[in-house]
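For reference, the structure discussed in these notes is given below.
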Amino acid sequence: MDFEFSPKVKELQARLAAFMERHVSPNESRYWEEAEANRAKGNAWIPTRIVEELKPKARAAGLWNLWRPKDHGGELSNLEYAPLCEIMGRVTWAPEVFNCSAPDTGNMEVLLRYGSSEQQSKWLAPLLEGEIRSAFLMTEPGVASSDATNIQCRIERQGGEYVINGHKWWSSGAGDPRCRIYIVMGKTDPDNPSRHKQQSMILVPADTPGVQVTRALRVFGFDDAPHGHMEIVLRDVRVPAANMLLGDGRGFEIAQGRLGPGRIHHCMRVIGQTERALELMCKRLKSRVAFGRPVSEQGVWHERIAESRIMIEQARLLTLKAAHMMDTVGNKAARAEIAMIKVLAPNMAEQVIDWAIQAHGGGGVCQEFPLAWMYAWNRCLRLADGPDEVHRAQIAKIELGKYL
């Protein structure tokens, strides 16, 4: 693997970093102030003005839809996009400014790769333009969704329609009033002898009769607005048969195509967050005096700073290797590396952010710094897109297979 980024990527890194420094970082507090003001008015899900103001600027700067895969109209490979994700990840809400935020990127990739021309015209086009947003409905409260074959949501064909009944939660993005389309995973053929051919994915407009958003789920006490993770009940929801993605029984095939790139994006954003946490830690330690000397001179912090740097570099290199393999040998051949980064990155971030919180004392767990939110998000990421245990089991299976 060539570890040197191309001139094109370096130029994009410089432009993106400059945009972040000029437009995003100075407005970080404004974002949270606007979110808090909306919450006080009784609607925490209203989009913030600052993000909407910055989107045209990002587009004009040529920093729009950077995620788009090279084999589907984009300019960047997974390896080329990865370091840009890291830059955007330093500020939690920044990816949306560039139309590069989850779950929209994954949903747009599904529509790019598996959607019909009609589906792409109706839903992909406005998503690419940033005119609407989307949600992904997979996880369910009634089953262990770490094994997605457990999913019980039913999708039944009745004439020219599909009828959907199910109960979903952790439906990312569904709280946004601009959310217009859901990608729903459920069972079309529960009796199929192949458990991985029972599931399908289907497009459900958010305003379809029978769709009920019942509540927002809090994350370690945060309501996670204005993005949000919602609980949704689907009762006799009817959509045209043309809304089926790719075909009955192909839900797992779509999921694998969706989750591989998404895990790269998540992990690189996590690394960006962790770099910022280490930066905040070092600045805090140098600015504080305890027991007669700067805290930064105390040996325990030398150990933690050094470990943090080692861990970040390890995670970055493995993530870039996974991206390189996806580009060169494909997602299937890279499945072990993809699983490894999904375990490594959030666990690494959780430890470094925890040390950064400790360095900040009481300030680390309040809204004065972004660390508490970072910690909560990375703890959640150890469950999102598959829990650690599932990825470790896959890694072990692949490793044992080498010796059969």
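The values are calculated or read from the model by the stated rules, or taken from the named source; none is laboratory data. Quick caveat: nothing in here was measured; it's all calculated off a predicted structure. Heads up, the Cβs are rebuilt from the backbone with ideal geometry, glycines too, and the neighbour counts pull from every protein chain shown.
Might you let me know whether the stretch 161-173 holds any residue that is among the acidic types (D, E), under 16 Å from P205 (Cα atoms) and either without any contact (Cβ under 8 Å) to a residue 24 or more places away in the chain or touching a strand residue (DSSP E or B) at 6+ places or on another chain (Cβ under 8 Å) (or both)?
For the stretch 161-173, residues among the acidic types (D, E), under 16 Å from P205 (Cα atoms) and either without any contact (Cβ under 8 Å) to a residue 24 or more places away in the chain or touching a strand residue (DSSP E or B) at 6+ places or on another chain (Cβ under 8 Å) (or both): present.
Of the numbered conditions (1) more than 21 Å from the chain's Cα centre (by Cα); (2) in a helix (DSSP H, G or I), F5 fails exactly one; give the number of that condition.
(2)
Of the residues in the stretch 324-339, how many are in contact with a helix residue (DSSP H, G or I) (Cβ under 6 Å, 6 or more places away or on another chain) and over 21 Å from G74 (Cβ atoms)?
Residues meeting the conditions: 3.
For the stretch 266-311, give me the residue count where each residue is in contact (Cβ under 8 Å) with a residue 24 or more places away in the chain and aliphatic (A, V, I, L, M).
11
If you check E131, E96, E52, which single one turns out to be charged (D, E, K, R), over 25 Å from G330 (Cβ atoms) and crowded, with 20+ Cβ neighbours inside 10 Å?
Going through E131, E96, E52 in turn, the sole match is E96.
Can you confirm whether the stretch 293-304 contains a residue that is touching a helix residue (DSSP H, G or I) at 6+ places or on another chain (Cβ under 6 Å), more than 26 Å from T149 (Cβ to Cβ) and either buried (at least 22 other Cβ atoms within 10 Å of the Cβ) or among the acidic types (D, E) (or both)?
No.
Scan (1) closer than 23 Å to W377 by Cα; (2) of a type in the set (D, E, K, R); (3) over 21 Å from the mean Cα position of the chain (by Cα) for the single condition E53 breaks and write down its number.
Only one criterion is unmet by E53, namely (1).
Would you please name the residue that is surrounded by the fewest Cβ atoms within 10 Å (Cβ to Cβ), looking only at residues in the stretch 243-273 that are in contact with a Pro (Cβ under 9 Å, 6 or more places away or on another chain) and hydrophobic (A, V, I, L, M, F, W, C)?
Result: M268.
Give V219, V233, V211, V239 a once-over and let me know the one that is hydrophobic (A, V, I, L, M, F, W, C) and touching an Asp or Glu at 6+ places or on another chain (Cβ under 9 Å).
Result of the check over V219, V233, V211, V239: V239.
A quick yes/no check of all residues on (1) in contact with a Lys or Arg (Cβ under 7 Å, 6 or more places away or on another chain); (2) of a type outside the set (S, T, N, Q); (3) farther than 26 Å from A277 by Cα; (4) modelled with pLDDT of 95 or more:
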position: V343; (1), (2), (3), (4): yes, yes, no, yes
position: A349; (1), (2), (3), (4): no, yes, no, yes
position: A359; (1), (2), (3), (4): yes, yes, no, yes
position: Q367; (1), (2), (3), (4): no, no, no, no
position: L371; (1), (2), (3), (4): no, yes, no, yes
position: Y403; (1), (2), (3), (4): no, yes, yes, yes
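Sort out which residues of the stretch 346-403 are free of Cβ contacts under 8 Å to residues at least 12 places away in the same chain and surrounded by 21 or more Cβ atoms within 10 Å (Cβ to Cβ), and write them in order of number.
Correct list: G364 only.
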